[in-house]
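Worksheet: one structure, shown below.
The values are calculated or read from the model by the stated rules, or taken from the named source; none is laboratory data. Just so it is clear, the model here is predicted, and its values are computed rather than measured. As a convention, Cβ positions derive from the backbone with ideal geometry for all residues, glycine included, and neighbour counts pool all protein chains shown.
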Amino acid sequence: MILFELRCSGEHHFEAWFKDGATYDGQAAAGEISCPVCGDTRIDKAPMAPRLAKARGSALDAQAAAGELRKMLVDLKHKVQANCDYVGDKFPDEARKIHYGDAEARPIYGEATPAEATELEEEGVSVARIPWVAEGN
């Protein structure tokens with residue numbers, strides 16, 4: 001897995017994980033990556049410094065990696081909260097309204113059951129499932 005810092009043509013910066021560089025290239029060329037702030041699909045890699053993990057012998061320090069992943073999820077949570085409208089358990093309905101043009105296009109977040117999320121994906125409604133970690137510790 002590889003993490004890229006990305007930016008849309010509106011200069012919004014965000015991060016995304018990909019299986020490898022070729023996966024990113026294919027998804028970007030197909031317009032399958034969109035800005036979580038404005039929905040723009042004109043995405044480029046932003047300049048970033050590589051993250052190098054220290055190893056003990058040949059094994060990664062799993063605890064440090066888990067802490068870094070947790071920090072990234074908390075940062076993502078803050079970005080979503082700052083840039084998207086919270087719609088609570090009305091998420092499936094609101095996502096459909098936006099998808100079908102019955103509501104203003106805007107970034108939203110809220111709750112959906114796994115079955116509701118699957119139904120949205122099967123309808124072609126673009127959704128992302130994000131682990132919502134508790135803050136602290």
Check: How about segment 82-119: which of its residues are out of contact with any Pro (no Cβ under 7 Å at 6 or more places or on another chain), of a type outside the set (D, E, K, R) and assigned to a loop (DSSP other than H, G, I, E, B)?
Finding: Tyr100, Gly101, Ala103, Ala105, Thr113
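Yes or no, residue by residue, for (1) basic (Lys, Arg); (2) surrounded by fewer than 16 Cβ atoms within 10 Å (Cβ to Cβ); (3) touching a His at 6+ places or on another chain (Cβ under 6 Å):
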{"position": "Arg70", "(1), (2), (3)": "yes, yes, no"}
{"position": "Leu76", "(1), (2), (3)": "no, no, no"}
{"position": "Ala82", "(1), (2), (3)": "no, yes, no"}
{"position": "Asp93", "(1), (2), (3)": "no, yes, no"}
{"position": "Arg96", "(1), (2), (3)": "yes, yes, no"}
{"position": "Tyr100", "(1), (2), (3)": "no, yes, no"}
{"position": "Ala103", "(1), (2), (3)": "no, yes, no"}
{"position": "Ile108", "(1), (2), (3)": "no, no, no"}
Next item on the list: Could you please let me know if Asp40 is of a type in the set (Asp, Glu) and at pLDDT below 85?
Entry: no
